[in-house]
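First the structure, in the form of structure tokens, and then the observations on it.
Computed from the coordinates by the stated procedures, all read-outs in this text should not be read as laboratory data. Worth saying up front: this structure is predicted, and the values here are computed from it rather than measured. Note that we place each Cβ from the backbone using ideal geometry, even for glycine, and neighbour counts take in every protein chain shown.
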Amino acid sequence: MKDYILYYLGAGSSANSIPVVGALSNRMSAFKGYLINSVNLENQTFPKDSGIERTLIEIRDEFLNNIDWLIEMSGRNSIDTFARKLWDANKLKELRILKATLACYILLEQTISDTQYSSLDHRYEHWLTKITERDREEGIPFLKRNFKVISWNYDIQIEKALESISQIDLNVPVFEKWGIYPKTGRYDSNSLNSENTSIIKLNGSAGLLISTGEVYSLLTNTFKTFDKNSVINGLSVYYQYSYNTKSTQPIFTFAWEKNAMAENGVIIAKEFAKNAKELFIIGYSFPDYNKDIDIEIISEMDNLKKITLQIKNDVLEHVQDIFKSLKPTVEIKIDTEITQFKVPYL
């Protein structure tokens, strides 16, 4: 049996690039003006092969209106909480619009660097340089075999960091070479296991969709800069997510939706958990709407020896209580500063 060092990531792990719940509404409101004033979409069109007949201005304005809707309806709660309410009420059209709006915003937010946020949270690069090795032929970094990642984030911070440390302009994410699930290509649950997968994104990934059993990436770049190409790509994702058909669905889901791809992600995550010797929890608050899945995964950690909590003080007691209940004999270390993601000295 191989011992894994397992990372469990939440929104706080990307907090230097993407605002967390308390700051999200104000940032999204400011983003609207930034989009309108920074990129001129007059006389610009979607690519001819996109199949989008509406104008960029029309789609942009619809997207911006839905940002207002999302801010209003979420209120003081997280967008994930609002998404769960829509799911429980079977309001699937509104849930689809939520995903489209959030996916486009998250992708474009990751292109902006200012005094508050950076397009890439620097902690990812520092962390990944320590736990990756390189493919000798292509020079592409991938996780060392004893490191595994379970992430609740649907952003592309890991992908952007992997491209950055490779020092190769990949132009688009290479999910399959990095061992990321979900990945592009023909969906085959029988080919998935903990050996050929390194990173599980339980909520999927903004910019992916599945059509007739094939997973496609809508990303035509890696969103390095806030420019015309990134905006057009982001709005294309918004359109495809908003107006998909029953045979075409976003692979940007919430794990509690219980679709086949999300459930297979949980299955692989449980395989990671079975062999986890050391667990690092970074920026994850264990919200109630993910409780069933979190318990399902953590309950598999029978070989766990040590837990490191890299979380903020306001959720520390809550998370400690969870592990004192589920894993009462396991040693817990605490870091509430989170200046860098910790890596064990092996």
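Would you kindly give the portion of the calculated P(r) for the range 74-113 that falls above 12 Å, as a percent of all Cα pairs?
Values: 476 of 780 pairs.
Of the Cα pairs, 61 percent sit more than 12 Å apart.
For the range 299-346, which semi-axes, largest first and in whole Å, follow from the square roots of 5 times the eigenvalues of its Cα gyration tensor? Let's see the in-between values first.
Working: eigenvalues 70, 51, 10 Å².
For the range 299-346, the semi-axes come out at 19, 16, 7 Å.
Could you tell me what fraction of 2.2 N^0.38 Å the Cα radius of gyration of the range 172-213 comes to, as a two-decimal ratio?
Values: Rg = 10.0 Å, N = 42, 2.2 N^0.38 = 9.1 Å.
Against the compact-globule rule of thumb, the ratio is 1.10.
For S325, S14, what ranking results if the residue with the fewest other Cβ atoms within 10 Å of its Cβ goes first? Walk me through the numbers before you get to the answer.
On the way: S325 10, S14 27.
Result, fewest neighbours first: S325, S14.
For the chain, the mean residue ellipticity at 222 nm estimated from helices alone is -12500 deg cm²/dmol, where every DSSP H run of n ≥ 4 contributes -39500 (n - 2.57) and the total is divided by all residues, rounded to the nearest 500. Among the listed pairs K183/K291; K32/K85; K99/K224; K224/K274; K177/K342, which have their C-alpha atoms separated by more than 27 angstrom in this model? In this structure, K224/K274 exceed 27 Å between Cα atoms.
Compared with the alpha-carbon gap, the fully stretched path from K85 to N37 is longer by 13.9 nm at 0.36 nm per residue.
Plugging the Kirkwood radius over Cα pairs into Stokes-Einstein for the range 101-190, at a temperature of 10 °C and a viscosity of 1.306 mPa s, what D comes out in µm²/s?
Working: Rh = 14.4 Å.
Rounded to a whole number, D works out at 111 µm²/s.
Using only the Cα atoms of the range 215-265, construct the convex hull and provide its projected area averaged over every direction, in square nanometres to one decimal. Don't skip to the answer; put the middle values down first.
Details: hull surface 17.4 nm².
Over all viewing directions, the range 215-265 projects a mean Cα-hull area of 4.3 nm².
On a per residue basis, the convex hull of the C-alpha atoms belonging to the range 199-313 measures out at 142 Å³.
Residue exposure proxy: T212, T132, ordered by other Cβ atoms within 10 angstrom of their Cβ from fewest to most, comes out as T212, T132. For the range 28-109, the pair-distance distribution built from all alpha carbon pairs, in bins 10 Å wide starting at 0, is 15, 46, 28, 10, 0 percent. Relative to the longest principal axis of the Cα atoms of the chain, helix 228-242 runs at roughly 80 degrees.
What share of the DSSP beta bridges in the chain is antiparallel, in percent to the nearest 5?
Around 35 percent antiparallel, to the nearest 5.
Note that the range 19-61 shows a convex hull volume over its alpha carbon atoms of 96 Å³ per residue. Can you give me the angle between helix 21-38 and the longest principal axis of the chain, using Cα atoms only, in degrees from 0 to 90, rounded to the nearest 10? Value to nearest ten degrees: 30. Based on the reciprocal of the average 1/r between different C-alpha atoms, the Kirkwood radius for the range 250-346 equals 14.4 Å.
Nearest 10 degrees is fine. How inclined is helix 260-274 to the longest principal axis of the chain, computing both from alpha carbons? Helix 260-274 sits roughly 30 degrees off the main axis of the chain.
What the Kirkwood sum gives for the range 132-240 is a hydrodynamic radius of 14.7 Å, with every pair of different alpha carbons counted.
The Rg/Rh ratio of the range 20-173, with Rg taken over Cα atoms and Rh as the Kirkwood radius over Cα pairs, comes to 1.01. Radius of gyration over Kirkwood radius for the chain, both on Cα atoms: the Rg/Rh ratio is 0.95.
Between the range 269-337 and the range 201-255, what is the separation of their alpha carbon centroids in Å? What the calculation gives is 30 Å, centre to centre.
Exposure proxy check: E53, E263 ranked by fewest other beta carbons within 10 Å?
E53, E263
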